[in-house]
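Down below is the structure, laid out as structure tokens.
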Amino acid sequence: IQRWKDKPFFLHLANYAVHTPIQALEAVAAKYRKDGKQDVNAKYAAMVESVDDSVGSVLKTLEELRLTENTVIIFTSDNGGLDNGGRPTENAPLRSGKGYAYEGGIRVPFIVRWPGVVPAGVVSDTPISSVDILPTIAAAAQVKLPPGHVVDGKSLLGHLKSGGKKNLKRDELFWHFPHYRHAPGPYSIIRKGDFKLIKFYEGTNELYDLKNDLGEQRNLAADHPDKVAELNKRLMAGLKRMGAKIPRPNPEYKTGKK
């Protein structure tokens, strides 16, 4: 920041924390142990504090260089917290954690700071995704994206400037995880409005009304088969349009061959 203070700059700061292995500054972790937390939880809390300190040093540098009002800051995460029965963290009221299809795994913080442009203290309930970051930054910097370049996201600039009042004109988001990380295996997700459909390729479909069931405790798939069919059709059409690789059965596995 100091080197480029007189010119436009882009900084992507990706802290390793918070991540496994759960290792923290002992002096910081000790403070949380005094509050009664178990060792792994205390270390996790200390790692979060270290991230806060890192962000604080960036903000302080911008203030010292008088760049605060001319700099857009976006703070977010790539996954929900690692939640294994409350160790090392707890995502309640969201269900589950990192790697899973539930809100505890895919819902993350998204904070934007741009004094004088984005109103402070405003909370928006509009669903967004990390794919929106690129077009948002380009719009803020008044930079045109390359012609013919496929952009999955939408610029959030108008929404941010309006304090969340300007509609994004988008009512569905997609997630695709064709990997084997946790049971029941690969999955894809579509959220349209308040409804969220999880398609488990080696399991059953799950449908949730996030407005009334944020913790995803009531699977509505059996009660609303028409909604499941509608969302599944939109999901598969969207994945096909994007050229996503879809898991497919292994015929040799079915016949018992190795």
Report summary line: For the chain, the accessible surface attributable to carbon and sulfur atoms (probe 1.4 angstrom, ligands and nucleic acids excluded) amounts in percent to 52 percent
Query raised in the report: Normalised by the residues of the chain, what does the relative contact order come to in percent, with Cα pairs under 8 Å and at least six apart?
Result: 10 percent
Report summary line: Treating only Lys and Arg (+1) and Asp and Glu (-1) as charged, each at its beta carbon, one finds that the stretch 175-232 has a dipole about its Cα centre, in Debye to the nearest 20, of 220 debye
Query - Spin-label pair Asp226/Ala138, simplified geometry with 7 Å Cα→Cβ offset, distance in nm - result: 4.0 nm
Query raised in the report: How compact and how long is the stretch 106-258, expressed as Rg and Dmax of its alpha-carbon atoms in Å?
Result: 18.7, 65
**Report entry** Gain in span if fully extended, Ser162 to Arg218, counting 0.36 nm per residue against the direct Cα distance
**Finding:** 16.7 nm
Query raised in the report: Using a ≥ b ≥ c from the Cα gyration tensor of the stretch 1-144 (square roots of the eigenvalues), is it rounded, prolate or oblate, where a/c under 1.5 gives rounded and otherwise the larger of a/b and b/c decides, a/b for prolate?
Result: oblate
Requested in this report: Please state, rounded to one decimal and in Å, the Kirkwood hydrodynamic radius that the stretch 56-115 gives when every pair of distinct Cα atoms enters the mean of 1/r.
Outcome: 13.2 Å
Requested in this report: Counting residues in the stretch 118-163 as N, plug N into 2.2 N^0.38 Å and put the Cα Rg over that result.
Outcome: 1.22
Query - Computed label-point distance, nm, for sites Leu59 and Arg241 using a 7 Å Cα→Cβ extension - result: 3.9 nm
Query raised in the report: For the stretch 14-24, in order, what is each residue's ³J(HN,Hα) by Karplus, 6.51 cos²θ - 1.76 cosθ + 1.60 with θ = phi - 60°, in whole Hz (x at glycine and Pro)?
Result: 10, 5, 5, 6, 9, 7, 6, x, 6, 10, 9
Query raised in the report: Relative to the compact globular guide of 2.2 N^0.38 Å, what is the alpha carbon radius of gyration of the stretch 124-191, as a ratio?
Result: 1.37
Query raised in the report: Quick one: accessible area per residue over the chain, 1.4 Å probe, rounded to a whole number of Å²?
Result: 66 Å²
Query raised in the report: Using alpha carbons only, how many degrees (0 to 90, rounded to 10) separate the axis of helix 225-241 from the longest principal axis of the chain?
Result: 60 degrees
Report summary line: Rounded to 0.05, the calculated FRET efficiency for the beta carbons of Asn250 and Thr204 at R₀ = 22 Å is 0.65
Report summary line: Placing each pseudo-label 7 Å from Cα in the direction of the beta carbon, His182 and Thr126 end up separated by a distance in nanometres of 3.0 nm
Query raised in the report: Using the Cα atoms as the points, what is the convex hull volume per residue of the chain in Å³?
Result: 198 Å³
Query raised in the report: What is the Cα convex hull volume of the stretch 16-69 when expressed per residue in Å³?
Result: 87 Å³
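The values are calculated or read from the model by the stated rules, or taken from the named source; none is laboratory data. If you're wondering where the values come from, they're calculated on a predicted model, not measured in any experiment. Counting neighbours? That spans all protein chains shown, and the Cβs are built from the backbone with ideal geometry, glycine included. Accessible surface is based on the protein model in full, side chains and every heavy atom, while ligands, DNA and RNA are left aside. Shrake-Rupley method; radii C 1.70, N 1.55, O 1.52, S 1.80 Å.
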